[in-house]
Amino acid sequence: MTRNTLADRLYRLVEEGLLEKRPYQTEPVRHDYELTEMGYEFHGALLMMSRWGDRRPVKRASRWPCVTRYAGRTPMPRSCSPPEVSP
């Protein structure tokens with residue numbers, strides 16, 4: 001993961017209230033990130049979804065539309081239909 005990608009994701013999580021940014025060093029300035037109360041609540045939900053997915057292995061590509069996010073722009077839907085198999 002690039003530095004810019006990580007910085008963008010951390011910024012979004014702070015903005016949404018899932019993380020809190022705290023400085024721990026002044027020269028150079030460095031920050032630590034901690035889960036907020038809402039972050040702890042979401043963490044539990046995320047773990048439950050992950051465990052649910054682990055019990056259901058993917059057998060084929062999903063026919064549901066996928067969403068791709070491009071550097072802060074509005075997500076653009078694209079098709080994720082399985083590849084055609086020749087007879």
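The values are calculated or read from the model by the stated rules, or taken from the named source; none is laboratory data. All values reported here derive from a predicted model rather than from experimental measurement. Virtual Cβ from ideal backbone geometry, glycine too; neighbours counted across all protein chains shown.
Pairing each residue of segment 1-29 that is touching a residue at least 12 places away in the same chain (Cβ under 8 Å) with any residue that is hydrophobic (A, V, I, L, M, F, W, C) and surrounded by fewer than 10 Cβ atoms within 10 Å (Cβ to Cβ), provided the two are 6+ apart or on different chains, yields C-beta distances under 8 Å for ASP8/ALA71. Listed by first and then second residue, the pairs with beta-carbon distance under 7 Å, at least 6 apart or on different chains, first residue in segment 38-54 and of a type in the set (Phe, Trp, Tyr), second surrounded by 10 or more Cβ atoms within 10 Å (Cβ to Cβ), are PHE42/LEU18. Scanning segment 1-22 for residues that are of a type in the set (A, V, I, L, M, F, W, C) and not in a helix (DSSP H, G or I) turns up MET1, LEU18, LEU19. PRO82 falls short of the stated requirement of being assigned to a strand (DSSP E or B) and either at pLDDT below 90 or of a type in the set (Val, Ile, Thr) (or both).
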